[in-house]
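The block underneath contains the structure these notes are about, expressed in structure tokens.
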Amino acid sequence: MSYRTPARLAGLALAAGLLAACGGGDGGGGGDPLSDGGGETCQASSGDGVVIGSANFSENVLLAEIYAGALEAAGVTVEKKLNIGSRETLIPALKDGSIDLVPEYTGNLLTYLDEEADEAESDAVYEALGDAVPDGCQVLEQSPAEDKDALVVTKESADSQSLATIPDLQPVAGDLIAGGSSEFETRRAGLVGLKEVYDIEFGEFKTLDPGGPLSVEGLLKGDVDVVNLFTTNPVIETEGLVVLEDPESLFSAQNVVPLITEEKATDEVTEALNGVSAALDTEQLIALMKRVDVDKENPADVAAAWLTEAGLV
Amino acid sequence: MTLFNELVAFLSESANWSGSRGIPVRIGEHVLYTVVALAAAFAVAFPIGLLIGHTGRGAFLAINIGNAARAVPTFGVLILVVLLAGLGFLPVLVALVILGIPPILTSTYAGIRGVEGSTVIAARSMGMTERNMLLKVELPIALPTVIAGLRSATLQIVSTATIAAYVALGGLGRFVIDGQQQRDYGKMAAGAVLVAALAIAFDLLWGLVDRVVVSPGVSGRLPRTRRARDADSPPPTTGTTPTDPLTPEPAGRPT
Amino acid sequence: MDWEWISSNTGEIGGLLGDHIYLAIVPIVAGLVVALVVGALGVRFPRLYPPIVALSSTFYTIPSLALFVIMPGLISTQILDPINVIIALTIYSASLLVRNVMDGLRATSPEVRQSALSMGYTPIRQLWEIDLPIAMPLVFAGLRVATVANISMVSVGALIGVGGLGELFTQGFQRRFYTPLLVGLVLSVLLALLADALLVLLQRWLTPWARLVR
């Protein structure tokens with residue numbers, strides 16, 4: 001009777017083998033995240049169309065959906081790989097041919113590619129970025145829409161400690177807990193620059209995330225007093241947060257810009273994306289973000305609605 | 001530079017071994033998270049395991065809830081509790097305790113259930129109270145299995161406590177998460193290696209505890225002559241791999 | 001709970017669920033194959049047993065996030081290739097299963113071995129027709145744990161862009177939106193319980209004698 005078991009096992013093994021044979025198939029291209037210091041070049045994806053990637057935060061997904069809609073309207077075949085991760089994953093993905101296009105931000109992309117860079121003003125950043133992007137990649141025209149780094153406090157602490165600008169922090173900083181990403185701690189557009197430019201040293205620093213949910217939760221629940229957020233984040237409006245002014249322009253310009261592999265940047269692709277960049281501005285971006293984050297609309301729907309409104313499709 | 005060289009470079013840099021963000025402090029934090037979570041999971045699971053093991057009542061329900069707890073994705077729970085309660089140790093504790101309960105619960109239950117019926121009858125006919133029977137007869141015999149459960153819970157908790165860093169706490173996960181964000185893969189690999197080393201250290205410690213607290217009569221480490229005389233006593237239960245299908249150890253490690 | 005979000009996103013949720021199943025199941029099958037081969041070697045050559053046990057327990061303690069991120073560097077794959085998560089989970093599954101496989105294969109009693117030998121069974125035939133069926137309960141105990149653990153661990157892959165339902169966790173987190181988060185949690189738990197139940201049925205089908213003996 002137990003003779004049945006070997007036969008059944010054999011059947012199962014066969015079925016599993018067949019399944020594996022069907023499922024497998026796409027081999028690797030040889031990207032190595034351990035050596036993405038800049039030596040490698042960008043490589044276009046193997047197919048005909050453009051593979052669009054995005055970081056795993058909603059604004060970037062929204063921008064990728066807008067790019068995708070605009071490209072489809074221009075007759076370009078598009079494949080979407082959204083919600084991928086942070087820049088640490090996206091840039092290697094551009095280099096190993098996993099994706100061709102990603103919505104980027106000029107200032108942070110520049111400091112990622114060149115740690116020494118200290119340009120802050122919009123055009124200067126964009127110009128420096130043109131030289132810094134890896135071979136095989138290029139940035140198309142930048143949009144006036146911006147999503148800047150900022151130091152943000154709650155309304156209560158702004159009122160009680162009369163904070164409106166970053167210099168206002170100087171006398172009280174020793175008693176405050178600041179929060180931001182682990183890069184914020186080490187880069188110039190962060191703690192280092194705050195000390196250098198504004199002579200501000202916080203009592204404590206907590207490692208959170210780059211302007212994401214941890215930073216928001218940390219500030220709202222009182223774990224930190226000052227936090228690094230991005231200016232299009234709708235919680236600033238919904239929670240009545242206060243963005244501290246940056247009179248010395250410590251935080252560089254962060255214009256939205258498409259980063260694309262050269263091979264895929266054909267005339268029609270370039271034209272469609274430049275159209276998007278020209279039409280989008282910061283106010284619209286904030287309004288769109290509110291629909292995604294606060295009203296919980298789907299990024300794809302919000303993107304399609306905006307493209308129609310802007311007359312791009 | 002290869003990953004291995006970067007790893008060695010990170011570990012041999014003396015600056016990384018001192019200060020409030022140094023390796024010893026991170027190990028201390030990691031141990032703290034692990035011990036607190038393990039203690040909390042034990043406080044919940046052990047009494048329930050004893051009770052249902054001894055009485056046999058509610059076993060089906062408790063074991064199934066315990067097994068369902070294994071199916072809960074730690075990462076999702078962590079995020080959910082952060083959104084509900086904010087940052088801090090609570091989200092990490094909740095996630096780690098959920099991870100620690102199933103192995104402790106099932107192993108305690110299985111250990112007590114595994115005590116031979118004749119042993120229980122003998123204890124009862126000697127006039128032992130239920131309480132004494134549980135604590136003086138059943139528990140000592142079940143101890144190796146209970147410790148096996150604790151061992152596997154510890155292993156999972158140590159490894160998973162890495163995620164504390166994802167929600168802004170410390171511990172060895174700090175090196176893993178910061179390493180990824182700062183593209184310092186030597187730091188990241190060092191974090192992973194240190195976690196693995198810590199887990200192995202904990203495991204050795206449990207081996208030692210097992211030797212010290214398990215009665216020689218149960219563990220089978222008695223001199224041969226005496227064991228021969230006790231031939232009728234229950235066969236020695238070896239602690240590491242209980243064959244009861246209810247306690248498939250080593251248990252899963254869901255992060 | 002935002003039901004409208006669920007109904008307007010069923011397609012996407014279904015796709016992520018499909019990815020999740022694929023990412024969890026393939027490593028189980030691959031891990032089982034590895035564990036059977038390594039386990040059989042470990043039983044045949046007892047000298048290999050201790051290093052196999054030591055190595056598998058060490059693998060098991062490596063934090064999954066670290067392994068996921070380092071994987072493309074170790075095996076030169078594309079960074080978004082699901083194979084990174086699949087291989088990492090295969091390592092975990094195999095490490096977990098190999099102990100159960102070895103203990104299971106060694107559970108055949110000496111009397112049974114003797115009988116098989118005297119009936120002229122070759123070692124391979126004995127392995128396939130006697131040792132393996134006897135090992136089934138222990139192997140399945142391991143399979144159930146590994147499957148449930150894998151289904152839970154796939155979510156972490158969301159941090160490197162390949163996470164199945166885990167992407168609903170990061171999405172919910174980013175937008176402070178409970179619905180995707182809860183949908184992901186519930187589906188993930190249901191999937192694990194369903195897979196567990198299927199394995200129990202499969203075990204019954206493969207070990208028909210278990211019911212007769214009792």
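Seen from a random direction on average, the alpha-carbon convex hull of region C:3-213 projects onto 14.2 square nanometres. The reciprocal of the average 1/r between distinct C-alpha atoms defines the Kirkwood hydrodynamic radius, which for chain B equals 19.9 Å. If you take the charge dipole of the protein assembly as shown about its Cα centre, with +1 on Lys and Arg Cβ and -1 on Asp and Glu Cβ, which of A:Gly136, C:Gly73, C:His20 is farthest toward its positive end? Ranked along the dipole, the leading option is C:His20. Taking amide H as placed 1.01 Å from N in the peptide plane, the amide H of A:Val78 sits under 5 Å from that of A:Val50, each at least 5 places away or on another chain.
Counts of other chain beta carbons within 10 angstrom of each beta carbon in peptide B:185-198 average 4. Averaging Cα coordinates gives a centre for region A:122-179 and one for region C:22-51; these two points are 52 Å apart.
Viscosity 1.002 mPa s, temperature 20 °C: what is the translational diffusion coefficient of region A:149-243 from Stokes-Einstein with a Kirkwood Rh over Cα pairs, rounded to a whole number of µm²/s?
Translational D for this selection: 166 µm²/s.
With the simple spin-label model, which puts each label point 7 Å out from Cα in the Cβ direction, the B:Ile200 to A:Ala310 separation comes to 5.5 nm. The amide H of A:Thr165, built 1.01 Å from its N in the peptide plane, has A:Glu245 as neighbours under 5 Å, considering only residues 5 or more places off or on other chains. Computed from phi, the 3J(HN,Hα) profile of region C:84-101 under the Karplus parametrisation 6.51, -1.76, 1.60 (θ = phi - 60°) reads 4, 5, 4, 5, 4, 5, 4, 4, 4, 4, 4, 4, 6, 7, 4, 4, 5, 4 Hz, with x in place of Gly and Pro.
Helix screen, chain A: DSSP H segments with Cα axial length of 24 Å or more and mean Kyte-Doolittle hydropathy at least -1.0 are A:4-23. The string of couplings for region C:29-45 from the Karplus curve (6.51, -1.76, 1.60, θ = phi - 60°) is 5, 5, x, 5, 4, 4, 5, 5, 5, 5, x, 4, 5, x, 7, 5, 10 Hz, one whole number per residue in order, with x for Gly and Pro.
The distance linking region B:141-205 with region A:231-258 is 37 Å (Cα centroid to Cα centroid, whole angstrom). Spherically averaged projected area of the convex hull of Cα atoms, the protein assembly as shown: 36.9 nm².
Could you tell me how many degrees, from 0 to 90 and to the nearest 10, lie between the Cα long axis of helix B:185-213 and the main elongation axis, the longest principal axis, of the Cα atoms of chain B? Around 20 degrees separate the two axes.
Tell me, what are the semi-axes, in whole angstrom and largest first, of the equivalent ellipsoid of chain A as set by the roots of 5 times the Cα gyration tensor eigenvalues?
39, 26, 21
Taking amide H atoms as placed 1.01 Å from N in the peptide plane, the amide H of A:Gln254 lies under 5 Å from those of A:Gly107, A:Asp147, each 5 or more residues away in sequence or on another chain.
Ranked by the mean number of other Cβ atoms within 10 Å of their residues, highest first, the peptides C:161-168, B:22-29, B:72-79 come out as C:161-168, B:72-79, B:22-29. Of the DSSP beta bridges with both residues in the protein assembly as shown, give the percent that are antiparallel, rounding to the nearest 5. Here the antiparallel bridges make up roughly 55 percent for the protein assembly as shown. Couplings 3J(HN,Hα) of region B:94-105, computed from phi: 4, 4, 6, 5, 4, 6, x, 4, x, x, 5, 4 Hz, in residue order, whole Hz [Karplus 6.51 cos²θ - 1.76 cosθ + 1.60, θ = phi - 60°; x for Gly and Pro].
Sorting the segments C:134-140, A:261-267 by their mean number of nearby beta carbons within 10 angstrom, highest to lowest, gives C:134-140, A:261-267. Relative to the longest principal axis of the Cα atoms of chain C, the long axis of helix C:132-153 makes an angle of roughly 20 degrees.
Taking the average, over residues, of other Cβ atoms within 10 Å as the packing measure, peptides C:187-193, A:302-308, A:88-94, B:83-89 rank A:88-94, C:187-193, A:302-308, B:83-89 from highest down.
Basic side chains Lys and Arg get +1 at the Cβ, acidic Asp and Glu get -1 at the Cβ, and with that the dipole of chain B about its Cα centre reaches some 460 debye. Counting Cβ atoms of other protein chains within 10 Å of each Cβ in C:140-147 and taking the mean gives 5.
For chain B, the longest principal axis of the C-alpha atoms and the axis of helix B:74-85 are separated by about 70°. Distance from the Cα centre of region C:123-151 to that of region B:11-77, in angstrom? When both Cα centres are located, 28 Å separates them.
Got the relative contact order for chain B handy, in percent, Cα pairs under 8 Å and 6 or more residues apart? Dividing the mean separation by the residue count of chain B yields 25 percent. Between the beta carbons of C:Arg44 and C:Val112, assuming R0 = 25 Å, the FRET efficiency works out to 0.90 to the nearest 0.05. Rounded to two decimals, what is Rg over Rh for region A:45-88 when you use alpha-carbon atoms and the Kirkwood radius? Computed over Cα atoms, the ratio is 0.99.
Each Lys and Arg Cβ is given +1 and each Asp and Glu Cβ -1; about its Cα centre, chain A then shows a dipole of about 1860 debye. Adding -39500 (n - 2.57) for every DSSP H run of four residues or longer, then dividing by how many residues the protein assembly as shown holds, sets the calculated 222 nm ellipticity at -19000 deg cm²/dmol. Across peptide B:172-178, the average count of Cβ atoms from other chains found within 10 Å of a residue's Cβ is 4.
The numbers here are math on the coordinates, done by the rules we state, and not lab data. None of the values given here were measured: they were computed from a predicted structure. Glycine gets a Cβ as well: all are built from the backbone with ideal geometry, and neighbour counts include every protein chain shown.
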